[in-house]
Structures are given as structure tokens and as C-alpha cells.
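A short write-up of the structure that comes next.
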Amino acid sequence: MNRATDSVSVEAGTVQVEAGAWGSGRSLARALSELAYAAERTTFLPQHLARSGLAVEDIRTADDFAAIPVTDKEQFRLGFPTGVLASGYTIADKWLVHSRSSGTGGDYLTTVELPTVFSARALCSAAVNPVLHEALRGDARQHVRLTAPNCSSAHCAIPVAEPTLVRPPSGGPLIPAVRHDLLTTPAESWANAIEGIERLRPRFYYADPAHMAELALHVGAFRCDLYPAPVLLSYSLDTRIARRQITEAFTPPPPPIIAAVSMSELGWLAVECPAGALHLNTANFYPELQCGGRPARVGEIAELVVTTLDHGCTPRIRYRTRDLFTPLAGHCRCGSTFPMVRMEGRLQDCIVADGAITLTPRSVDAIVGDPGWLDRYHLHQLDERRLRLELIVNARYLAEASETLLARLHTHLVSGTTIQVHRVRYIASAPSGKLATCTSVPARRLVAEGWSL
Ligand SMILES: [Zn+2]
């Protein structure tokens, strides 16, 4: 890592987060400080508050804060750069990180931020997992990055080096060349990737679960093993099947496989600890889980709304992520005081009926489970009562297996819903390059119309 990142890593190692950081006094104080900073240093936020008749000096309590209307991606796109950048910074400042969202929701969003802010968020999030934290604190450039070629979140979410198609002589991540439409990548490319990984001996892998699983399947087909190093999974849902396939690509015992949640405009938000729980970073963010216009209770599916806390270049107040999480109760045995959540997937990818969520991508994955006969799946909702299920099966497939899966899915759907099942050899990637497991036309339409939980 560069010097700036090293200095942050020392800081990150000593970060202490108080128990129950959700809405605690210290977190709220920092959120209010960020609010004052954004009001003073940007033109967007005072205008946003004024539209609701609010003034920053009137916002003092958690309830006051929760009454601020949420901000969203569209506002930051329209306000970029002069409205949303803190005064004193410009897009011409070469030392700032420019990150661009991969456009899964449609248009691109460019975010400009201090590199130290992204590094601190990554390292504080990773602090819940000592193996990952250690890997990041060393020469983090020596890693394999395996994502959709145009996924610019690969650039921002780990602000260590520029993406390259081959590892540059000066160091930097190895980025295997995969096709934008992942499943059309030829076997020769995967063979080259496996050889390149052997030569690099990476400190860790940083990958999209679907891409890493595809690499793992080719490792199995070539009857070899992957170089052992921790695997960090981000960008899309870590399915049970993908995690099993990745595990099988290593000689036992496999290295840790760690899920993380990152967004191109925010960096890292959550990391999985050694006990298998996903912990939300409350050191760099003031997170709120919202459903029905109120804070979610334990076990309720909710949208994550975040406020940044680091007085950076692009402060965000009550920013809608459109990502769904379920808050979990209790304290984790890993000892972290960061709250535990279950990642449910994106709001626009949920199966819906009558304007409400029927299944989240995570709950679909829980129903599908990890049958040994299934290599990949994609459940796509065409309209409120019609779904299409594509299955890529392997030699262990038996005809009754998909019937059983279909019956399980039907028990969770509203009556009258039909599911067309197709056994296929190929599933198309989305325009973003992601290979989703669950997508929905009506949910995407609802989100475009401004739907929130
Ligand atoms: Zn934990």
C-alpha cells in the first residue's frame, strides 16, 4: 500500500466502536457533525434541507435526524461536481480518487473522494476479520482481482492500484482477462489465469462470487488446485453454491472465504467475521435500516440508509443505498461490536407481488440451497405472476431434483404464479457484466418509480 494508506492502517487497528453503535450518542454526535460539515461545505445539502423547511441548527436529536428526507444517487448525479463536492476540492485535484458506479441501475455515477477516506473505510470494515485485515495491511497490491471487466467498483472499493489486464512489472493486482459476458470466456483464458495466479502467489483474491466460482469450476475441470490465499467476495450475492465451488478449488483445508459489501460511491460497508456473521461498519458510517418509514426491528427486511462520518470530499447525509439487509440480534462470538446484519440483495432484484417483496435474492438462494447437481441458476421475474428459472446442471442431475426445487419455490410465491423451468448451458450476464441469480422486471420498474420499503 502507499504511504497514505499505511498511516491509515495503523489508525484502523486501534479503532474502538462502542457497543450498540446504532444511534448511540457518540455516533449521533458524529452524524450531526457531518451534517454541519456538509451544510457548510456543499451547496446541495442546504438546498435539500430547505425544500423540507429544515435548517441544520434545528436538527439535534436522533428523531430530528431521522426526519431529514433521504438523499439518493440521482441527486448526487445531478449535483456533480460543484453541488456535492465539499468546498476546497475540485475534480481537477489529481490526488483525489475518482470512482464510477458500474451502472447496474442505469446511469453512471462518478464519485470523487480522498484516497485516505476509502482506505480507512476498507480497513475499519476489515478489522472484524483478522486474516483479511492482515492481508490488507501488507502489500495489498499483490492480489488477484476477478470481476466484470467494466465494473468500475473494482477500482474504488479497494483503492490500492489501477486495474490492468496483466500485472504490471511495478506490481499491482493480477486481473485475469474474462469476457464481459462471463460464461463465454474460453477455457484457454481460464488456464492462463490459473498459471498467472501460480506465478503471482497472491496475498488474497478479491472477486465477484460468480466469477470466482467460474474460475473454481475450471480449476476442477483441469484437475488442479488454486494457490491458497483468503478469498474476499464482493460486488454481488455470495450464493451457497458459489461458496462450495470455491471451497472445492483448494486443497483442504481451504483458505478463509470472506463476504464483503461495498459500493462504488461509498467503499466498504460491511465484512464477514471468522464466525460467519456480516458486520456493518459503524466507525465510518451512521447506518439506519429503514422499512415502512421507521427503523427496522430485528428480523425485518429493510433498506440501508447511510450517513458518512469522515468529513471527506463527498459527504453523504441519509443516502439511500437501495440495498436490503436484515438486522440480527445479539452479540457475535467474534467479539466485534459492529452490528450483525444479513445481506438480502438489491431492492430492484427482489421477487415482488402486489407492490410488496415476496422473496429477496438471499431468500431465493436459501430456498435453492446447495444441491450437488446444480452449478448455476437464474430466477427472473417477467411480470407479477410469471417467473423463469434457468438451471445449469451437472452430471449428478436427476429429473425429479428440479421438480422438488420448483415445489419449494412455489410454497413461497403467491398463488397463481407460474415458473417456466429451462435447463440451459449458458446464462447471459447483465449489461453491467454481473451474472445475477435473481432479477425482476416489476421490481426494477417499481424502483424507477421511486419505490421504497
Ligand atoms: Zn462476528
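The values are calculated or read from the model by the stated rules, or taken from the named source; none is laboratory data. Fair warning: this is a prediction, and the values are worked out from it, not measured in the lab. Backbone-built Cβ (ideal geometry, glycine too); neighbour counts: all protein chains shown.
For Glu390, which of the numbered conditions (1) in a loop (DSSP other than H, G, I, E, B); (2) in contact with a His (Cβ under 9 Å, 6 or more places away or on another chain); (3) not aromatic (Phe, Trp, Tyr) fails to hold?
For Glu390, the exception is condition (1).
Identify the residue in the stretch 66-79 that is in a helix (DSSP H, G or I), in contact (Cβ under 8 Å) with a residue 40 or more places away in the chain and not charged (D, E, K, R) and, among all such residues, is surrounded by the most Cβ atoms within 10 Å (Cβ to Cβ).
Phe76
Identify the single condition in (1) of a type in the set (A, V, I, L, M, F, W, C); (2) surrounded by fewer than 16 Cβ atoms within 10 Å (Cβ to Cβ); (3) touching an Asp or Glu at 6+ places or on another chain (Cβ under 8 Å) that Leu328 does not satisfy, given that it satisfies every other one.
(3)
Say we look at the stretch 80-137 and pick out the residues that are in a loop (DSSP other than H, G, I, E, B), under 24 Å from Tyr37 (Cα atoms) and among the aliphatic types (A, V, I, L, M); which of these is modelled with the lowest pLDDT?
Ranking the qualifying residues of the stretch 80-137, first place goes to Leu109.
Which residue pairs have Cβ atoms closer than 8 Å, lie 6 or more positions apart in sequence or on different chains, and pair a first residue in the stretch 261-280 that is over 15 Å from Ser236 (Cα atoms) with a second residue that is of a type in the set (Asp, Glu) and within 11 Å of the ligand (Cβ to nearest atom)?
Cβ pairs passing all conditions: His279/Glu272.
Is there a residue being within 16 Å of the ligand (Cβ to nearest atom), surrounded by 24 or more Cβ atoms within 10 Å (Cβ to Cβ) and of a type in the set (Gly, Ala, Ser) anywhere in the stretch 273-289?
Checking the stretch 273-289: not a single residue is within 16 Å of the ligand (Cβ to nearest atom), surrounded by 24 or more Cβ atoms within 10 Å (Cβ to Cβ) and of a type in the set (Gly, Ala, Ser).
With respect to Glu272, is the statement that it is acidic (Asp, Glu), within 30 Å of Ala86 (Cβ to Cβ) and under 15 Å from the mean Cα position of the chain (by Cα) true?
Taking the combined requirement at face value, the residue does not satisfy it.
Restricting attention to the stretch 290-308, which residues are more than 16 Å from the chain's Cα centre (by Cα) and within 24 Å of Tyr235 (Cβ to Cβ)?
Gln290, Ile301, Thr307, Thr308, listed by residue number.
From the list Ala395, Ala428, exactly one residue is assigned to a loop (DSSP other than H, G, I, E, B), without any contact (Cβ under 8 Å) to a residue 60 or more places away in the chain and surrounded by fewer than 17 Cβ atoms within 10 Å (Cβ to Cβ). Which is it?
Answer to the check: Ala395.
With the requirement that a residue be among the aliphatic types (A, V, I, L, M), modelled with pLDDT of 95 or more and within 16 Å of the ligand (Cβ to nearest atom), what does the stretch 316-358 give you?
Within the stretch 316-358, Leu328, Met340, Val341, Met343 meet the criteria.
Restricting to the stretch 291-307, and then to whatever is in a strand (DSSP E or B) and at pLDDT 95 or above, can you tell me which residue is nearest to Leu28 (Cα to Cα)?
Here the answer is Thr307.
Within the stretch 245-256, identify whether any single residue is among the β-branched types (Val, Ile, Thr), surrounded by 21 or more Cβ atoms within 10 Å (Cβ to Cβ) and away from the ligand (no atom under 16 Å from the Cβ), and answer yes or no.
Scanning the stretch 245-256, I find at least one residue that is among the β-branched types (Val, Ile, Thr), surrounded by 21 or more Cβ atoms within 10 Å (Cβ to Cβ) and away from the ligand (no atom under 16 Å from the Cβ), so the answer is yes.
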